[in-house]
1. Go ahead and collect, in residue order, the members of region 80-111 whose backbone nitrogen is under 15 Å from a label point 7 Å along the Cα-Cβ direction of Asp44.
2. For region 35-157, what are the per-bin percents of Cα-Cα distances with bins 10 Å wide, up to the bin holding the maximum?
3. Between Arg104 and Asp66, what is the label-point separation in nm under the 7 Å Cα-to-beta-carbon projection?
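Any read-out appearing in this document is the output of simple, stated calculations on the displayed coordinates, not a laboratory observation. Worth saying up front: this structure is predicted, and the values here are computed from it rather than measured. Backbone-built Cβ (ideal geometry, glycine too); neighbour counts: all protein chains shown.
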Amino acid sequence: MTERNEGQAQRGQEQRKQSQGKQCQKKQPRLLPPSALELLKAPDCRKYIRFADGKTVLFPSLSSPDGQILALALEEEHTEAGRALLDALWFSHPVCVILDDGNRIQGYRMEVYRCHIAGPLFLKKLLEVRAEDPEKDMASAWELHFLEEEELTKEKRAALLGAAPADRAEIPEWHLDHPALHGQTGR
């Protein structure tokens, strides 16, 4: 091997090591602003997500498990809300999380960072859902990272009036431990 080829091979190895190191580094989300945490604690806080296509969906399950991220439980994936979340994740379309406690309304630009179908965040959200109703289920938990506060235009505020909870799939999507799959009651 010539010196030139050896030099190129060595540079290639160094570049691969650097890129592997970057891939292994976990991205640290920015902290949620105190205003978001205060609004989330309000018992009558309504939680919305406005997607890139302009559709606004009510997500009562939206919460912050650690003060850094927002997480939501998606009951069924084969829905408009599921498709919108996938679009935001795959194509890096930020969403606007809107929190409204009746007195204050605030928007937050968020990155849809990850979809969880197992693991600690998924289990936490599943237990929250089942605490409300033991027969309720969810398909996935979604992790959102804070980007910046967002000004709410008249258009975004008006969209809240027509917002509805996430739609349901035509055929129920049940988690493997759902009571209906084991001879217990279910829908």
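1. The answer is 100-105.
2. With a bin width of 10 Å, the distribution comes to 13, 48, 34, 5.
3. In this crude spin-label approximation the distance works out to 2.5 nm.
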